[in-house]
Amino acid sequence: MSKVIAFQVASQINLKQTKSLLLGELLFSDSDELFYQLLEHQFVYIFQYGMVSCFNITNLEIEQLFSKVKPFCKDYNTNKISEEIEVVIEHNVLKVQFNNIILPKIDDEMLRLVMLNTSQSVALNTYAAITETLLAETNEHTKYLESKGKLDISGNKLKRFIGKVLNLKNKISENLYIFDSPDITWEDEQLNKLNSELKKTFDLKDRYHLIHDRLDIIKENLELFKDIMDHSESSRLEWIIIILILVEVVDLFILKLF
């Protein structure tokens, strides 16, 4: 019995530099992914958005792999978020269960799908934690607005907050392809079935929707904050103009009197 284990190693991995470093047979590569077979039944899947997934690799070998990849990582994670699932080989059986996956044989394309979906699941865990923190911070501002009738955030900080949320939303859309089936599933019914079952078991679509719903709530709140801030700034400018006009009128009145 072997297992697939996926790690969030960094926010980004330079695949071009990593590609020249790793030894093994490169089974698949594009601008976002590298899929290697290291030994007969050992596989590594590396993703541009900071994920590394391993099959049938010992903990020592995984640490050695991390040390090789680390120089090409952006924002390397010391405490890595990870997820694992057991893979059982049973002749003529293809079944995805909550605690393990049964495959009819050790097939590189089947394992690639398992490793891909496990990696997407870990990425969703990472993004879920980030959005939960952002939502909690947004809620603090709305509570202050409710109790004080004004905002406790400056214009510059609000703009940076909005930028952070938009960048996160872009990253999720760019890196997670929950609703897209890999090309290898288009012409193989068995692989297509496996991919669909994996998405259901990992609950990828519902978790993806939850993250997007949170981001939409945060974005809606931030837009409201911006409207309030713009209105406040507009009112301030109107009062400045009124005061300047009054000063001009008083000055003119005094000149006419004397």
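The values are calculated or read from the model by the stated rules, or taken from the named source; none is laboratory data. Because the structure is a prediction, the values reported are computed rather than measured. When we count neighbours, we look across all protein chains shown, and the Cβ atoms used for this are built from the backbone with ideal geometry, even at glycine.
Brief remarks on what is shown
- Meets criteria (touching a residue at least 60 places away in the same chain (Cβ under 8 Å) and closer than 23 Å to residue 207 by Cα) for residue 106: no
- Counting the residues of region 183-213 that are over 19 Å from residue 101 (Cα atoms) and outside any helix (DSSP H, G or I) gives 2.
- One residue alone among 126, 118 is farther than 22 Å from residue 57 by Cα and in contact (Cβ under 8 Å) with a residue 60 or more places away in the chain, and that residue is 126.
- Selection status of residue 89, surrounded by 14 or more Cβ atoms within 10 Å (Cβ to Cβ), under 25 Å from the mean Cα position of the chain (by Cα) and in contact (Cβ under 8 Å) with a residue 12 or more places away in the chain: no
- Residue 111 satisfies every condition listed in (1) more than 18 Å from residue 56 (Cβ to Cβ); (2) in contact with a strand residue (DSSP E or B) (Cβ under 9 Å, 6 or more places away or on another chain) except (1).
- Unique residue being among the β-branched types (Val, Ile, Thr) and surrounded by fewer than 18 Cβ atoms within 10 Å (Cβ to Cβ) when the list is 13, 62: 62
- Taking region 175-202 as the range and being in contact (Cβ under 8 Å) with a residue 60 or more places away in the chain and of a type in the set (Asp, Glu) as the test, the residues that pass are 188, 197.
- Leading residue by the ranking (nearest to residue 81 (Cα to Cα)) among those in region 33-49 that are in contact (Cβ under 8 Å) with a residue 60 or more places away in the chain and assigned to a loop (DSSP other than H, G, I, E, B): 49
- Residues in region 67-91 that are modelled with pLDDT of 90 or more, part of a loop (DSSP other than H, G, I, E, B) and out of contact with any Lys or Arg (no Cβ under 8 Å at 6 or more places or on another chain): 75, 90.
- Within region 16-32, restricting attention to residues that are assigned to a strand (DSSP E or B) and without any contact (Cβ under 8 Å) to a residue 40 or more places away in the chain, the residue that is surrounded by the most Cβ atoms within 10 Å (Cβ to Cβ) is 29.
- When region 33-47 is filtered for residues that are aliphatic (A, V, I, L, M), more than 20 Å from the chain's Cα centre (by Cα) and crowded, with 21+ Cβ neighbours inside 10 Å, only 44 remains.
- Only one of the listed residues (156, 92, 77, 100) is assigned by TED's automatic domain parsing to the domain that holds residue 202 and of a type in the set (S, T, N, Q). That residue is 156.
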